[in-house]
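Notes follow the structure.
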Amino acid sequence: MRRIAPLGLRTRLIAAFLLVAAISAVSTAALTYQQARNAILKQSQDTAVSTLRDLMDQQSIQLPLDQQQLQRIVLDLGKRGQPHPWIMFAEYGTLRASTNPVQPTSTVITDKLRRQVSTNPHGAFQRVEDQRGNPYLTIGMPAVFKNNGAYEPTGAVFFVVMPLDAERTTVEAMVAAARQGAIPGLAIAIIPALLAARSVLRPVRDMRRAAQRLGRGHLDTRIEVRGADELAGLARTFNETARALEQSVSELREAEVRARRFASDVSHELRTPLAGMLAVTEVLDEDAGGLDPDTAAALRLISAETGKLAVLVEDLMEISRFDARAAELNPDDVDIAEFVTKTLERRHWSDGRVVTDLQPGVRARLDPRRFDVVLANLVGNALKHGDAPVHVTVRTEARPEQGPDAGADPAAGAGTGGAGTGGARLLVEVADSGEGIAPEALPHIFDRFFKADAARTRSSGSGLGLAITLENVRLHGGTLRAANGAGRGAVFTIDMPLEVES
Amino acid sequence: MPRVLLIEDDPSIREGVGLGLRRRGHEVSAAETGEAGLALMTSFHPELVLLDLMLPGINGVQVCRRIRETSQVPIIMLTARGDDFDIVVGLEAGADDYIVKPARTEVIEARIKAVLRRLADPAGGRPDVDVHGGLSIDRSGLTVAKNGERVPLAPSEIKLLLHLSASPEQVFSRQQLLEYVWDHSYHADARLVDACVRRLRTKIEDPDSSPRYIQTVRGFGYRFGPL
């Protein structure tokens with residue numbers, strides 16, 4: 001299967017699926033963890049605080065305290081730590097007492113806790129970590145006595161430092177459980193992700209193939225509609241579109257075929273009476289001299305118009321052959337300079353009105369009859385619509401392979417080579433010395449029946465000459481361009497392969 | 001002036017062409033169908049036949065073949081132009097030339113004259129009978145024999161053979177042959193040369209081997225020999 005993007009639809013679908021699964025797993029785990037952790041810690045905390053408070057209430061303190069008494073109370077409280085054994089510290093003025101004989105003051109009790117304790121008769125607690133990262137619960141509680149409903153501080157403050165190792169182990173076990181649960185969960189989520197991606201992607205892939213087939217011209221392409229979901233709806237729409245397209249294309253084709261056949265039939269039908277008329281026009285012309293002037297003029301008119309009609313019918317036949325793609329190429333080898341000279345001589349254009357610049361000794365493979373028509377048409381047009389002298393330049397050019405129509409002026413250019421854009425090219429330029437082509441007429445110059453001068457609606461030509469010329473050049477795999485030269489009149493440039501493929 | 005048999009089903013063309021040619025001094029006999037035309041062949045003895053390709057009943061190609069069975073009279077096809085296929089088929093059936101309809105009488109007459117002139121213009125200065133391998137060409141009698149046996153050739157075929165064999169081993173382009181043999185001065189008809197060469201080959205060459213007398217020089221044209 002050809003990849004259509006660096007990140008295919010399948011990859012993106014699965015990634016999205018996994019992302020959703022991961023987010024839900026992580027958030028669930030995080031919430032659960034937080035709740036459980038808080039519950040565990042709160043429980044330990046509450047137990048410790050209430051235990052200490054109870055113990056403190058039971059303790060009778062006689063003021064002023066001396067070091068000995070302080071030490072005794074500390075030891076007494078230190079033995080009864082709940083839920084874990086704890087370490088007791090006591091501070092009274094400058095006196096310090098501790099259950100840890102080597103350490104009279106704790107390193108983990110913060111100034112913040114001391115401040116809170118001094119303002120709160122019910123004591124305060126804080127969770128801290130020592131330098132090694134071990135968590136501790138520190139509780140501070142002042143020794144108070146009740147005096148007329150108000151608490152009076154005795155000045156003695158007791159601190160409890162209780163390690164939370166057990167809680168930490170429990171929480172860590174929970175994190176590990178969440179992590180170990182999430183990874184297999186994500187792995188398992190890939191399976192429904194793959195299935196979902198497949199079920200979504202298969203219709204999409206079918207549709208892509210169908211669209212490609214449709215693009216290649218198989219208009220009868222349809223998709224099998226499965227189920228009743230949105231993709232099935234899309235498939236149905238696709239089928240309807242394809243059906244509508246097929247129908248309108250076939251209608252268009254039929255209409256086109258009918259139109260072509262009509263043009264061809266009309267020309268054929270016109271040809272038979274014309275053949276008879278044309279055969280006798282000379283009789284009319286010859287006898288016109290002996291008739292009265294009006295009749296003679298009428299006869300000459302009929303004779304001339306018959307000639308024009310015959311040319312028009314021939315041109316129409318030629319055009320309808322091009323349209324029906326029935327025009328054939330009969331290539332032959334010719335010496336191009338000799339060929340051009342003969343074409344001009346045959347039409348009696350070798351009287352100085354046409355100036356040639358021909359590269360000698362070039363042999364080309366082309367259809368002589370069609371190329372003769374092309375040359376004669378361009379030179380004839382140049383003489384009729386432009387002005388003498390007409391310059392005909394023939395040269396060859398070796399050109400590297402390139403895309404069709406590269407660098408061609410889209411407005412004035414016409415005809416695509418298709419085959420053989422590289423290799424040796426034959427370039428023929430026909431330039432006249434007239435006023436050139438009006439810019440607004442330039443894009444339409446190759447249109448059928450186009451007349452550059454609207455006032456001259458009936459020139460002696462059929463109006464099909466350039467269209468036929470263009471078709472002939474195209475048949476040779478070349479292009480024909482019309483432009484206005486610098487300081488000169490119109491310039492027509494033929495660019496075609498030197499060796500046409502037959 | 002030559003006697004022309006016109007076989008054409010369409011009355012306007014038949015009468016128009018007939019009128020034009022008669023005015024120019026030709027003796028014209030017209031037939032409406034191929035059968036009628038073939039019947040006239042024996043009674044009228046035309047010197048040239050103008051034959052429409054599309055005819056009711058037996059068509060122009062069949063008429064052409066029938067005429068060729070018994071006669072080497074020059075035949076010009078009148079054809080609906082561009083139907084390349086028809087032209088080639090007509091030429092291969094033995095026609096010497098073709099004219100595209102519609103055509104002026106002067107064009108028709110020029111073609112008639114060109115076809116007829118072929119026979120009246122033998123290549124001069126050569127011995128009357130040339131022998132090339134198994135082929136003997138009688139330049140004054142305008143007959144060709146292959147291994148002693150007479151080969152009936154249409155006028156254009158004789159003219160082509162005479163022209164080629166007058167300068168053995170010289171290569172002639174299609175264009176040159178057209179101009180010498182058919183008197184044509186335009187490019188329309190390289191197919192004429194090819195069709196005529198094909199016909200000539202079937203008559204004078206040994207069918208089993210490659211062409212010996214008339215050889216193709218690819219990209220240039222044809223030549224006679226070397227044997």
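The values are calculated or read from the model by the stated rules, or taken from the named source; none is laboratory data. Keep in mind the model is a prediction, meaning the values are calculated, not measured. Don't worry about glycine lacking a Cβ; one is built from the backbone with ideal geometry, like all the others, and counts go over all protein chains shown. The protein model used for the area step is the full one, side chains on, heavy atoms only, and it has no ligands, DNA or RNA in it. Shrake-Rupley method; radii C 1.70, N 1.55, O 1.52, S 1.80 Å.
Return a whole-number percent for the relative contact order of the range B:160-227, with Cα pairs under 8 Å and 6 or more residues apart as the contact set.
42
With a ≥ b ≥ c taken as the square roots of the eigenvalues of the C-alpha gyration tensor of the range A:83-125, please select rounded if a/c is under 1.5 and otherwise prolate if a/b is larger than b/c or oblate if it is not?
Oblate, since a/c reaches 1.5 and b/c is not below a/b.
Take peptides A:128-136, A:198-206 and line them up by average Cβ neighbours within 10 Å, highest first, as a rough protection proxy.
Highest-to-lowest ranking by the protection proxy: A:198-206, A:128-136.
Using helices alone, what [θ] at 222 nm do you get for chain A, with -39,500 (n - 2.57) per DSSP H run of 4 or more residues, divided over all residues and rounded to the nearest 500?
Mean residue ellipticity, 222 nm, calculated: -18000 deg cm²/dmol.
Computed over the Cα atoms of the range A:346-402, what is the convex hull's projected area averaged over all directions, in nm²?
The directionally averaged projection comes out at 5.4 nm².
If you build the Cα gyration tensor of the range A:163-239 and take the root of 5 times each eigenvalue, what three semi-axes come out, in whole angstrom, biggest first?
Largest first, the range A:163-239 gives 52, 11, 8 Å.
Would you mind pulling out the separation of the Cα centroids of the range A:109-160 and the range A:283-303, in Å?
If we compute the Cα centre of each part, the gap is 138 Å.
At a probe of 1.4 Å, how much accessible area disappears from chains B and A on forming the pair, both sides counted, to the nearest 100 Å²?
Using a 1.4 Å probe on protein heavy atoms, the buried area is about 2700 Å².
In degrees, nearest 10, range 0 to 90: what is the angle between the Cα axis of helix A:9-58 and the longest Cα principal axis of chain A?
10
Of B:Arg14, B:Arg199, B:Arg150, which is the most mobile in a GNM of chain B whose springs link Cα atoms less than 10 angstrom apart?
In this elastic network of chain B, the residue with the biggest mean-square fluctuation among B:Arg14, B:Arg199, B:Arg150 is B:Arg150.
Could you work out how far the C-alpha centroid of the range A:461-482 sits from that of the range B:159-213, in angstrom?
32
Tell me, what is the percent relative contact order of the range B:1-149, built from C-alpha pairs under 8 Å that lie six or more residues apart?
Computed value for the range B:1-149: 16 percent relative contact order.
Over the whole of A:332-344, what's the average partner chain Cβ count within 10 Å per residue? Rounded to a whole number, please.
Mean partner shielding for this stretch: 3.
So how many Å³ per residue does the convex hull of the Cα atoms of the range A:12-170 work out to?
Expressed per residue, the convex hull around the Cα atoms of the range A:12-170 is 145 Å³.
Relative contact order of the range A:259-393, please, whole-number percent, based on alpha carbon pairs below 8 angstrom and at least 6 residues apart.
23
Per the Kirkwood formula on distinct C-alpha pairs, the Rh of the protein assembly as shown is how many angstrom?
Kirkwood radius, the protein assembly as shown: 35.9 Å.
Anything over 24 Å Cα to Cα? Flag those among A:Lys451/B:Lys101; A:Lys79/A:Lys146; A:Lys384/A:Lys451, in the order listed.
A:Lys451/B:Lys101; A:Lys79/A:Lys146
For the range A:273-290, just list the computed ³J(HN,Hα) in residue order, Karplus coefficients 6.51, -1.76 and 1.60, θ = phi - 60°, integers in Hz, with x standing in for Gly and Pro.
Those phi angles translate into x, 5, 4, x, 5, 5, 5, 9, 4, 5, 4, 4, 4, 5, 7, 4, x, x Hz.
Please list, or write none, the lysines whose alpha carbon is within less than 26 Å of the alpha carbon of B:Lys146, excluding same-chain residues fewer than 8 places away.
Within the straight-line limit of under 26 Å, B:Lys146 reaches these lysines: B:Lys159, B:Lys203.
Helix A:67-79 against the longest principal axis of chain A: what's the angle in degrees, Cα atoms only, rounded to the nearest 10?
It is inclined by approximately 60 degrees.
Using the heavy atoms of the protein chains alone and a 1.4 angstrom probe, what is the accessible area of chain A per residue in square angstrom?
55
To the nearest whole percent, what portion of all C-alpha pairs in chain B is separated by more than 29 angstrom?
Here the long-distance tail beyond 29 Å is 26 percent of all Cα pairs in chain B.
Under 5 Å between amide H atoms, partner at least 5 residues away or on a different chain: which partners does A:Ala156 have, H built in plane at 1.01 Å?
Amide H neighbours of A:Ala156, under 5 Å, 5+ apart: A:Ala143.
Quick check: convex hull of the Cα atoms in the range A:201-282, volume per residue, rounded to a whole Å³?
Cα convex hull per residue, to the nearest whole number: 80 Å³.
Calculated from DSSP H runs of 4 or more alone, at -39500 (n - 2.57) each and per residue, what is the 222 nm mean residue ellipticity of chain B, nearest 500?
The per-residue figure over chain B is -11500 deg cm²/dmol.
Provide a list, ordered by number, of residues in the range A:272-296 showing at least 50 Å² less accessible area with every protein chain present than when their chain is taken on its own, using a 1.4 Å probe.
Listed by number, the residues meeting the 50 Å² cut-off are A:Thr272, A:Ala275, A:Leu278, A:Ala279, A:Glu282, A:Val283.
Which one, A:Leu9, A:Val390, A:Val157, projects farthest toward the positive side of the charge dipole computed for chain A from Cβ point charges (K/R +1, D/E -1)?
A:Val157
Would you mind classifying the range B:57-111 by shape? Square roots of the alpha carbon gyration tensor eigenvalues, ordered a ≥ b ≥ c; an a/c under 1.5 is rounded, otherwise it is prolate if a/b is larger than b/c and oblate if not.
Oblate.
Which parts of the range B:19-33, residue by residue, lose 20 Å² or more of accessible area when the rest of the protein chains are there, as against the chain isolated (1.4 Å probe)?
Hits at the 20 Å² cut-off: B:Leu19, B:Arg23, B:Arg24.
How large, in percent, is the carbon and sulfur part of the accessible surface of the protein assembly as shown at a probe radius of 1.4 Å?
55
How fast does the range A:1-97 diffuse by Stokes-Einstein, in µm²/s, taking the Kirkwood radius from C-alpha pairs at 10 °C and 1.306 mPa s?
For these conditions, the coefficient is 86 µm²/s.
For the range B:1-53, what does the alpha-carbon gyration tensor say about shape, rounded, prolate or oblate, given a ≥ b ≥ c as the root eigenvalues, a/c under 1.5 as rounded, and a/b over b/c as prolate?
It comes out oblate by the Cα gyration axes.
Just the number please: accessible area per residue for the range B:20-167, 1.4 Å probe, all protein chains included, in Å².
It amounts to 40 Å² per residue over the range B:20-167.
Keeping all protein chains in the complex and leaving out DNA, RNA and ligands, what accessible area do you get for A:His122 with a 1.4 Å probe, in Å² to the nearest 10?
Near enough 90 Å² of accessible area.
Residue by residue through the range A:187-194, what is 3J(HN,Hα) from phi via Karplus (6.51 cos²θ - 1.76 cosθ + 1.60, θ = phi - 60°)? Round to whole Hz and write x for glycine and proline.
Result, rounded to whole Hz: 4, 5, 5, 4, 5, x, 4, 4.
Just to verify a number: what accessible area does B:Glu149 come out at with the full protein assembly present, 1.4 Å probe, Å² rounded to tens?
Spelled out: B:Glu149, probe radius 1.4 Å, area about 130 Å².
Modelled label-to-label distance, B:Ser12 and A:Thr47, 7 Å Cα→beta-carbon offset: nm?
That separation, rounded to one decimal, is 12.2 nm.
Would you mind checking the tilt of helix A:293-323 against the longest principal axis of the Cα atoms of chain A, expressed as 0 to 90 degrees and rounded to 10?
40
For the pair A:Lys79/A:Glu256, report the inter-label distance in nm, with labels modelled 7 Å from Cα in the Cβ direction.
11.0
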